[in-house]
């Protein structure tokens, strides 16, 4: 029996394409809305709570640079409640010939804090910090440009993006004078003359524009090799070998694919410019800062992987509808494939892209849009060349059964990218949200299995997809919102010696009862208010992995496993043991909040 070949000119069936396009069109608007709401959260908090008024970065951290005989003195003056990270300090020097030298920095001892974002202890500086920078002999007595990088956060909950400041060091002015600060522009644009004269910067920008456009073109071409984009491009290329299109038809499909990519890049650039004009610091991939967008993009890649695996091609009736579509519909499919390729490329960056994007985001809107458009042209270039140069297309292997196997093979990079996005989501939120989005992916696979010509199965599949979307857009909490400290016997003893009341929760990730108690009784606003009102310290001991201190505490209270809930009041010697099944009222009573 001969194996029937599946034509590749419609590599995604009509219902599958509807699902992918819905995900696609939902991703960017939701990401923009979610990101804008997060950006505006601090502004809305100003009206509700005065301490949450965050300063502009230049007011929160004031830097002055002094030229001294032994080098440079960098002195920061931080606003109250703001601090700088030690590990984010960096300094480089750019000489008159364009040579860049990394400068050695000597930082004083600082304060060690546990940073919930980096999930480790870090050294930070409050109030003031003086850093000394060594100047190599080849720069002394000459004029050069100093670049100083730093990053800081506010105790109230805002972390600023990394910041670079630029100063003119006039080696002929002698010692004891202050360096003149330039605007924060990329070094490649700075053509500095006399100290304080910025007129050369604009000339440098104009001279570098052709080079930046070349970088954008090359970066776009290299994007096609990324694991998210390569499967989409490969299937699109294979469609040219199997579809019955004339030369003119292939040209039209190439242009439609290019239009989809370029317009999608320009749309992303327009969003970036809108946020920039609103005073936000954003860059390529800003949408990945939104957990909702990351979740939806994981869905999109997973659904595309299911389609490549053949699990979303549901029924001959739908396939026939796709095959009988008009030429306009086919061109729209090529256009949407270009949009899809751009969206799935958003987590990736390629060589030359960083320079081009850094340049674009500091320029006028017209130049910024031009750089992004050229980046899109570069990404579309391989497919355009294949669709316009017949000789290149003829060098591809002839259609055959191998195409179906290759198409299925290309699903695995998409699955791998979806797994990576789940890891990103876990870093942004918590493991519970990752599990929920994993369940959403399972629902998408179930919906794909349900899809058929039968109406009731189609309706059920639609309901399952709606539930999966609901999971993706459910608000989540980050690890930075936690009320607890990690348990250790030393910390417990220190708190007891201070006379502080302590609530201890011994739990594990594989303990279903523990997780249910935390959701029902230990995660509410009333529980958090009870802790604050009674000055209770909440210690959580995670027994997911072996921990001898937690095991010892369990044995002390005659338990062989978790959960175990203990409350040490301020004056008691022994702890009160709470039941293994908790309710809000029970916890309130135990903590004497009634």
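Given the structure, is residue 504 under 30 Å from residue 547 (Cα atoms) and touching a helix residue (DSSP H, G or I) at 6+ places or on another chain (Cβ under 8 Å)? It would help to see each step written out before you state the result.
Details: under 30 Å from residue 547 (Cα atoms): yes; touching a helix residue (DSSP H, G or I) at 6+ places or on another chain (Cβ under 8 Å): yes.
Considered against the rule, which asks whether it is under 30 Å from residue 547 (Cα atoms) and touching a helix residue (DSSP H, G or I) at 6+ places or on another chain (Cβ under 8 Å), residue 504 comes out as yes.
Give, as residue ranges, the strands (runs of 3 or more DSSP E) completely inside the range 85-144 that count at least 3 residues that are closer than 20 Å to residue 60 by Cα and either in contact (Cβ under 8 Å) with a residue 60 or more places away in the chain or in the same structural domain as residue 167 (by TED's automatic domain parsing) (or both). Even if it seems obvious, please write down each step before you answer.
Details: elements: 90-94, 100-102, 111-115, 120-126, 128-133.
Output list reads 111-115, 120-126, 128-133.
Does residue 380 fit the bill of being part of a helix (DSSP H, G or I), modelled with pLDDT of 85 or more and surrounded by fewer than 19 Cβ atoms within 10 Å (Cβ to Cβ)? Show your work before the answer.
Working: part of a helix (DSSP H, G or I): yes; modelled with pLDDT of 85 or more: yes; surrounded by fewer than 19 Cβ atoms within 10 Å (Cβ to Cβ): no.
Taking the combined requirement at face value, the residue does not satisfy it.
Return only the number of the condition from (1) loosely packed, with under 13 Cβ neighbours inside 10 Å; (2) part of a loop (DSSP other than H, G, I, E, B) that residue 466 does not satisfy.
Evaluating residue 466 over (1) loosely packed, with under 13 Cβ neighbours inside 10 Å; (2) part of a loop (DSSP other than H, G, I, E, B) leaves (2) as the failure.
Tell me which residues, restricted to the range 491-530, are part of a loop (DSSP other than H, G, I, E, B) and closer than 17 Å to residue 569 by Cβ.
We begin by selecting, within the range 491-530, every residue part of a loop (DSSP other than H, G, I, E, B); these are 498-501, 508-511, 521-524.
Residues satisfying the conditions are 498, 499, 500, 501.
Could you list, in sequence order, the residues of the range 399-418 that are under 14 Å from the mean Cα position of the chain (by Cα) and at pLDDT 85 or above?
First, the residues of the range 399-418 that are under 14 Å from the mean Cα position of the chain (by Cα): 417-418.
Answer for the range 399-418, where residues must be under 14 Å from the mean Cα position of the chain (by Cα) and at pLDDT 85 or above: just 418.
Residues to consider are 70, 58; find the one that is modelled with pLDDT of 50 or more and either more than 30 Å from residue 155 (Cα to Cα) or surrounded by 19 or more Cβ atoms within 10 Å (Cβ to Cβ) (or both). Give the derivation first.
Numbers: 58 fails: either more than 30 Å from residue 155 (Cα to Cα) or surrounded by 19 or more Cβ atoms within 10 Å (Cβ to Cβ) (or both).
Within the list 70, 58, the selection yields 70.
Any chance the range 517-533 includes a residue that's under 30 Å from the mean Cα position of the chain (by Cα), under 19 Å from residue 566 (Cβ atoms), crowded, with 17+ Cβ neighbours inside 10 Å and outside the structural domain of residue 428 (by TED's automatic domain parsing)?
Among the residues of the range 517-533, at least one is under 30 Å from the mean Cα position of the chain (by Cα), under 19 Å from residue 566 (Cβ atoms), crowded, with 17+ Cβ neighbours inside 10 Å and outside the structural domain of residue 428 (by TED's automatic domain parsing), which makes the answer yes.
If only one of 421, 414, 444 is touching a helix residue (DSSP H, G or I) at 6+ places or on another chain (Cβ under 8 Å), touching a residue at least 60 places away in the same chain (Cβ under 8 Å), more than 22 Å from residue 310 (Cα to Cα) and in a helix (DSSP H, G or I), which one is it?
It is 421.
Do any strands (runs of 3 or more DSSP E) lying entirely in the range 531-594 carry at least 2 residues that are in contact with a helix residue (DSSP H, G or I) (Cβ under 7 Å, 6 or more places away or on another chain) and over 15 Å from residue 521 (Cβ atoms), and which ones are they? Break it down stepwise before answering.
Values: elements: 537-542, 564-568, 576-578.
Qualifying strands (runs of 3 or more DSSP E): 537-542.
The values are calculated or read from the model by the stated rules, or taken from the named source; none is laboratory data. Everything numeric here is computed off the predicted structure, so don't read it as measured data. Backbone-built Cβ (ideal geometry, glycine too); neighbour counts: all protein chains shown.
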